[in-house]
Amino acid sequence: MNKSVKLDNIAEKDDIEIMEIRSESCPSVSVMADSGRCYIGIDSRNLSGAEEIVRKAHELGHCETGAFYNRYAACDLVSRCEYRADVWAIETLVTRTELMEAMRSGKTEIWELAEYFSVTEDFMRKVCVHYGFLDM
């Protein structure tokens, strides 16, 4: 299944609205309304397919884990929320088993793995660090 479709299905199942936005300063954002419902906005105008998938997964990670903060939050809280969103995105887009299978098939360079999994190289580095295949 296409990763974007997989993410859209998760959002639909959990009643998370994903909408196209126009924003020069912030290509993606997620918010939780007072009602508890989550909304995601993505400005896909200047994003590659891989960038859009990674951003959508990250923002869904905020919604799925409840990892939200406001602009007045302390740095450690912001870092923890971003980490939780990243971990959710990593484990949703690339499982450890899938990564190991890809590596066994000969894909060992970050760019090869990123291309194979339809994600960005930066995200693929986070995946490899998370699963212990890369030490940063």
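Among the residues of region 30-46, is there at least one that is in contact with a Leu (Cβ under 8 Å, 6 or more places away or on another chain) and in contact (Cβ under 8 Å) with a residue 24 or more places away in the chain?
Yes: one or more hits.
Wholly within region 8-61, which strands (runs of 3 or more DSSP E) include no fewer than the required count, namely at least 2 residues that are over 14 Å from the mean Cα position of the chain (by Cα) and surrounded by 15 or more Cβ atoms within 10 Å (Cβ to Cβ)?
Where strands (runs of 3 or more DSSP E) fall fully within region 8-61 and carry at least 2 residues being over 14 Å from the mean Cα position of the chain (by Cα) and surrounded by 15 or more Cβ atoms within 10 Å (Cβ to Cβ), they are 38-42.
At pLDDT 95 or above, under 20 Å from E98 (Cα atoms) and in contact with a Phe, Trp or Tyr (Cβ under 9 Å, 6 or more places away or on another chain): does that describe I53?
Here the answer is yes, as I53 does meet what is asked.
Might you check whether a residue that is modelled with pLDDT of 95 or more, in a helix (DSSP H, G or I) and either among the aromatic types (F, W, Y) or surrounded by fewer than 22 Cβ atoms within 10 Å (Cβ to Cβ) (or both) occurs anywhere in region 66-79?
no
Looking at G61, is it in contact (Cβ under 8 Å) with a residue 60 or more places away in the chain and in contact with a helix residue (DSSP H, G or I) (Cβ under 8 Å, 6 or more places away or on another chain)?
no
The values are calculated or read from the model by the stated rules, or taken from the named source; none is laboratory data. Everything numeric in this text was worked out from a predicted model, so none of it was measured. Quick reminder, even Gly has a Cβ in these numbers, built from the backbone with ideal geometry, and neighbours come from all protein chains shown.
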